[in-house]
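S.K.: One structure coming up, written as structure tokens, with questions to follow.
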Amino acid sequence: MLTPAGQVLAQSGFSRAVDVMSASALAAAIVASTGELARQLRQKPFAALSHQGPKTGFFLATFVTDRGTLVVLAVYDLDVSSLGLVQLFYEQLAADLKAATPKGTVPKQVLAADFERELTDSLNTLFGR
């Protein structure tokens with residue numbers, strides 16, 4: 001789970017911090033680019049995105065809470081799970097978080113002062129620069 005800017009809020013399953021940061025940076029870029037594409041097509045932002053390869057797939061979706069938008073990136077093994085099962089768990093997670101979000105407070109900025117440097121470092125690591 002991350003912010004639309006790519007800042008990780010919670011994670012499970014990645015074995016290295018670099019993997020999490022790289023995946024989050026790329027997911028944030030996908031959300032931003034598809035949001036802009038939807039805007040140019042004069043439609044609402046796309047609800048979710050899914051891609052499947054021979055062995056794994058990923059599901060990327062956003063939802064809005066009273067504290068702002070959250071992004072969920074789920075990477076799953078096709079031998080163990082399916083897109084339908086991932087979507088089912090996503091819908092339950094989104095509903096639970098919406099219900100648990102405190103009401104009536106102004107959201108605070110969650111970006112760290114050195115976020116841009118961290119994002120650049122993560123992308124450089126990911127692409128071997």
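The values are calculated or read from the model by the stated rules, or taken from the named source; none is laboratory data. What you see is a predicted model, and the numbers here were worked out from it, not measured in a lab. Neighbour counts are summed over all protein chains in view; Cβ atoms, including those assigned to glycine, are modelled from backbone coordinates with ideal geometry. To get the accessible areas, we keep the full protein, side chains included, count just its heavy atoms, and leave off ligands, DNA and RNA. Shrake-Rupley method; radii C 1.70, N 1.55, O 1.52, S 1.80 Å.
S.K.: Suppose the filter is closer than 18 Å to residue 2 by Cβ, touching a residue at least 24 places away in the same chain (Cβ under 8 Å) and open to solvent by 60 Å² or more (accessible area, probe 1.4 Å); does residue 55 pass it?
M.R.: When the stated conditions are applied, residue 55 does not pass them.
S.K.: Which ones in the stretch 64-76 are in contact with a strand residue (DSSP E or B) (Cβ under 6 Å, 6 or more places away or on another chain) and without any contact (Cβ under 8 Å) to a residue 60 or more places away in the chain?
M.R.: Across the stretch 64-76, the qualifying residues are 74, 76.
S.K.: Additional query: Can you name the residue in the stretch 1-51 that is open to solvent by 40 Å² or more (accessible area, probe 1.4 Å), β-branched (Val, Ile, Thr) and under 12 Å from the mean Cα position of the chain (by Cα) and, of all such residues, is modelled with the lowest pLDDT?
M.R.: So the residue we want is 8.
S.K.: Let me ask something additional. Starting from residues that are among the small types (Gly, Ala, Ser) and surrounded by 14 or more Cβ atoms within 10 Å (Cβ to Cβ), keep the ones in the stretch 58-84 and report whichever is modelled with the highest pLDDT.
M.R.: 61
S.K.: Since residue 56 meets every condition but one in (1) touching a helix residue (DSSP H, G or I) at 6+ places or on another chain (Cβ under 7 Å); (2) among the polar types (S, T, N, Q); (3) within 22 Å of residue 93 (Cα to Cα), which condition does it not meet?
M.R.: It is condition (1) that residue 56 fails.
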